[in-house]
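First comes the structure, then the notes that go with it.
The values are calculated or read from the model by the stated rules, or taken from the named source; none is laboratory data. Keep in mind that what you see is a predicted model, and the values were worked out from it rather than measured. A quick note on method: Cβ atoms are made from the backbone with ideal geometry, for glycine too, and the neighbour counts reach across all protein chains shown. Accessible surface is based on the protein model in full, side chains and every heavy atom, while ligands, DNA and RNA are left aside. Shrake-Rupley method; radii C 1.70, N 1.55, O 1.52, S 1.80 Å.
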Amino acid sequence: MLPQDPYQLRLSGSGGQGLITVGVILAEAGLLEGYRVAQTQSYGPEARLGASRSEVILSSRPIAYPEVSEPDFLLSISQDAFDKYGSQMPEKSLILVDDFYVTLSRSESYPQQIYALPIIHTAEELGNKLVSNVVALGALNRLLGLVSEAHLKEAVLRRVPAKYRELNASALEAGARLGRPQAKAVG
Amino acid sequence: MKKRRLVQGNEACAQGGLYAGCDFYAGYPITPATEILEIMAREMPRQGRVFIQMEDEIASISAIIGAAWAGAKTMTATSGPGFSLMQEGIGYAAITETPCVIVDSQRWGPSTGQPTKTSQADLMQARWGTHGDHPVIVLTASGVRDTFEMTVEAFNFAERYRVPVILLLDEVLSHLREDIYWPEPGELEVIDREPPSSPEAFAPFGGHGFLPLGGGKRFNVTGMAHDKQGFVARGAQAAAGLRALMERIEGQTMTMARYSEEIPDDAETLIVAYGITVRAARRAVQLLAAEGLVAGLLELRTLWPFPAELLRGAIQGGQIKRVLVPELNLGQLVLEVERILAGQVPVARLGRVDGYLITPEQIAEAITEQAGPSAESKRQRRAAHATS
């Protein structure tokens, strides 16, 4: 069951952090789950380090307009991305950020429900910062309950090269542990 | 049961080309069309077909024209800057009646512009980019499955009418991933050029059939004005040749009109849209319906030759009071719509050129505004009625 139908996600970070891949995997998992899906992306001229975003819509009905108009969820794993997209989030939405690389402004109070989790740190502990995106994917799916863990894992394994399967499976599990219900909202 | 698959627009385009039997692809990478080239680079050699990365877009269009004359079904894909470079070749393909498919995934221009930002501003260039009166067919698509189908259709039209066919995509559609039913072999019609009754009887131009170079008859393929045998033509003969060439395409306008009409009987507003903007229009129709304002949508997949008759038919009966043309440019298709509907119904424009899509809300708002205070109050009355 989707928390909202359709459910609109915006996944943001710096170019090279694998946000588009996360969007594609989530869309594929959504499809396995039986949803209609649309995944779009927006990126600057620079291949790396510019703010990049990927968007996913999951719906039980055909999707007329494929871009996210009012996000229900935002993932930001870089400060640039949070600065750019955080302020655009509706009040009744959920935001997940990296607890170390994204600093929430002290002066601001956020109406949204914000989770700050050690996403990149967890990936580093697994020995490869590059799987931060998959850690984030595991965490957000556990927080939101969008698709079954089995479908998510299947979608991840379809998209990663054979030699990185184990690493990515571990990253997904570690992410899911971060996103368990005990995770506390900070905002 | 058929399974749905997650497919990207550019992937659908490349796979549509393969499905249609493209056996020669030449191109040069450019955002946002690069994935088409990448997929072709991987798939064509695997399937025993020819892929060449050329040194630039001038060479790419030249290569696909040459390969077409060697008998291949050919295709290239590019974006604005590359499409500009291809214009001379497109004119050559038009006058030499060469079947070939050119995909232009539009990005913000002119010049280098904003490579990763979307646009629909190559519409007039697709029709008139090369010099001289010339026949050309321009198609577009609004979704991923649609992109697959229209790529196949582009090949079919090229083969049937011996003309370069341009398929206009855009950055968002090229990179959009959606779940689609993958067309099975045989599900979509694939047309191949017909051989002449005999090589001796074959007239290389202005007639029927296609014989490749080396197919048993010697003839001249030239960009000079020419007669049916390829010899240089002048004056009245050149004029007659050009008129016949144009008539072959324009005379078939309704045969090649691809579109979808979603117009309720009680619609007073008609949105005429094409390409990715259709998606916002379709959603806008839903938003307006929820507010009690009935709008219809005419989606055009064939842009040139422009299906004027179809548009006239859509407003027949006098129910339609106004037309809106949303597009990602400063007004291109709307010129054609205004010309055709002049004096019948007011036509309004909605253009966006900051590199992002027109949103459903923008279209809904434009229509509410266009419909004026009477429609606004009617809408409010209906809304009040619905909530009371």
Query raised in the report: How big is the antiparallel share of DSSP beta bridges in the protein assembly as shown, given as a percent to the nearest 5?
Result: 40 percent
Report task. Enumerate the whole-percent occupancy of each 5 Å bin, from 0 to the last occupied one, for all C-alpha pair distances of the stretch A:37-125. Result -> 3, 12, 21, 22, 20, 14, 6, 2, 0
Query - For the stretch B:151-246: relative contact order, % (alpha-carbon pairs under 8 angstrom, 6 or more apart) - result: 18 percent
Requested in this report: State the answer as a single residue: which of A:P66, A:A29, A:G44 lies farthest towards the positive end of the charge dipole of the stretch A:7-178, with beta carbon charges of +1 for Lys and Arg and -1 for Asp and Glu, about the Cα centre.
Outcome: A:A29
Query - Other-chain or far-sequence residues with amide H under 5 Å of B:L169's (modelled H) - result: B:D104, B:S105, B:Q106
**Report entry** Extension gain, B:H131 back to B:Q316 (0.36 nm per residue minus Cα-Cα distance, nm)
**Finding:** 63.0 nm
Query raised in the report: Check B:W182: other-chain or 5+ apart residues with amide H under 5 Å from its amide H, H built from backbone geometry?
Result: B:R5
Query raised in the report: In nm, to one decimal, how far is the B:V353 label point from the A:E173 one, both placed 7 Å along Cα→Cβ?
Result: 5.6 nm
**Report entry** Contact order relative to length of chain B, as percent, for alpha carbon pairs under 8 angstrom and 6 or more apart
**Finding:** 16 percent
Report summary line: Here the whole-number average of other chain Cβ atoms within 10 Å per Cβ of B:162-172 is 1
Query raised in the report: Can you give the mean number of other chain Cβ atoms that lie within 10 Å of the Cβ atoms in peptide B:2-10?
Result: 3
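Hey, got a sec? Which GluC sites (Glu not before Pro) in the stretch B:1-84 land in a DSSP loop and have at most 16 other Cβ atoms within 10 Å? Mind showing how you got there, number by number?
On the way: sites: B:E11, B:E35, B:E38, B:E43, B:E55, B:E57; in loops: B:E55.
The qualifying sites are B:E55.
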Requested in this report: Determine, for each peptide in B:228-240, B:265-277, the mean count of other beta carbons within 10 angstrom over its residues, then list the peptides with the highest first.
Outcome: B:265-277, B:228-240
Query raised in the report: Per the 1.4 Å probe, what fraction of the accessible area of the protein assembly as shown, in percent, lies on carbon and sulfur atoms?
Result: 51 percent
Query raised in the report: Computed FRET efficiency, Cβ-Cβ of B:A41 and B:E88, R0 25 Å: what is it to the nearest 0.05?
Result: 0.50
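Subtract the Cα-Cα distance of B:I52 and B:V190 from 0.36 nm times their separation in residues, and report this length gain in nm to one decimal. Provide the component values of the computation, followed by the final result.
Details: separation 138, 0.36 × 138 = 49.68 nm, distance 2.38 nm.
The span from B:I52 to B:V190 would gain 47.3 nm if fully extended.
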Report summary line: Note: probe point = Cα of B:E250 + 7 Å toward Cβ; backbone nitrogen < 20 Å; residues of the stretch B:110-131 passing the test are B:123-131
Query raised in the report: Roughly how many Å² is the accessible area per residue of the stretch B:295-356, as a whole number, for a 1.4 Å probe?
Result: 38 Å²
**Report entry** Estimated FRET transfer efficiency (A:F100, A:V186; beta-carbon r; R0 22 Å; 0.05)
**Finding:** 0.95
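How much of the DSSP bridge set in chain B is antiparallel, in percent, rounded to the nearest 5?
Once the DSSP bridges in chain B are tallied, antiparallel ones form about 30 percent.
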Query raised in the report: What share of the DSSP beta bridges in the stretch B:259-387 is antiparallel, in percent to the nearest 5?
Result: 20 percent
Query raised in the report: How big is the gap, in Å, between the Cα center of the stretch A:50-103 and the Cα center of the stretch B:130-147?
Result: 35 Å
Query raised in the report: Pairs A:K129/B:K117; A:K84/B:K117; B:K73/B:K117; A:K129/A:K153: which are spaced more than 23 Å apart, C-alpha to C-alpha?
Result: A:K129/B:K117; B:K73/B:K117
Report summary line: Between B:K228 and B:A289, the FRET efficiency computed from the C-beta separation at R0 = 41 Å comes out, to the nearest 0.05, as 0.15
**Report entry** Backbone HN-Hα couplings from phi across the stretch B:50-67 [Karplus 6.51/-1.76/1.60, Hz, Gly and Pro as x]
**Finding:** 9, 10, 10, 8, 8, 7, 6, 7, 5, 5, 5, 5, 5, 5, 6, 5, x, 5
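Roughly what % of Cα-Cα distances in the stretch A:7-178 sit above 21 Å, to the whole percent?
42 percent
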Requested in this report: Ignoring ligands, DNA and RNA and using a 1.4 Å probe, state the total buried accessible area between A and B in Å², rounded to the nearest 100.
Outcome: 1900 Å²
Query raised in the report: Given the C-alpha centroids of the stretch B:292-325 and the stretch B:334-362, what is the distance between them in whole angstrom?
Result: 12 Å
Query raised in the report: Across peptide B:275-282, what mean number of C-beta atoms from other chains lies inside 10 Å of a residue's C-beta?
Result: 3
**Report entry** Alpha-carbon centroid distance for the pair the stretch A:117-137 / the stretch B:47-88, whole angstrom
**Finding:** 43 Å
Report summary line: To the nearest Å², the heavy-atom accessible area per residue of the stretch A:7-178 with 1.4 Å probe amounts to 42 Å²
Query raised in the report: Going by average Cβ neighbours within 10 Å, how do the peptides B:74-86, B:90-102 rank, with the highest at the top?
Result: B:74-86, B:90-102
Query raised in the report: Using a ≥ b ≥ c from the Cα gyration tensor of the protein assembly as shown (square roots of the eigenvalues), is it rounded, prolate or oblate, where a/c under 1.5 gives rounded and otherwise the larger of a/b and b/c decides, a/b for prolate?
Result: oblate
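Using the crude model of +1 on Lys and Arg Cβ and -1 on Asp and Glu Cβ, and no other charge, please compute the dipole size for the protein assembly as shown relative to its Cα centre, in debye to 20. Could the numbers behind the result be given before it?
Details: 55 positive and 66 negative charges, 89 e Å.
Dipole of the protein assembly as shown, to the nearest 20 debye: 420 debye.
Divide by every residue of the protein assembly as shown the summed helix terms, -39500 (n - 2.57) for each DSSP H run of at least 4, and state the resulting mean residue ellipticity at 222 nm, rounded to the nearest 500 deg cm²/dmol.
On the way: 19 runs with 223 residues, N = 575.
Computed ellipticity for the protein assembly as shown at 222 nm equals -12000 deg cm²/dmol.
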Query raised in the report: If you average the sequence gap of Cα pairs under 8 Å that are 6 or more apart and divide by the length of the stretch B:4-181, what percent do you get for the contact order?
Result: 30 percent
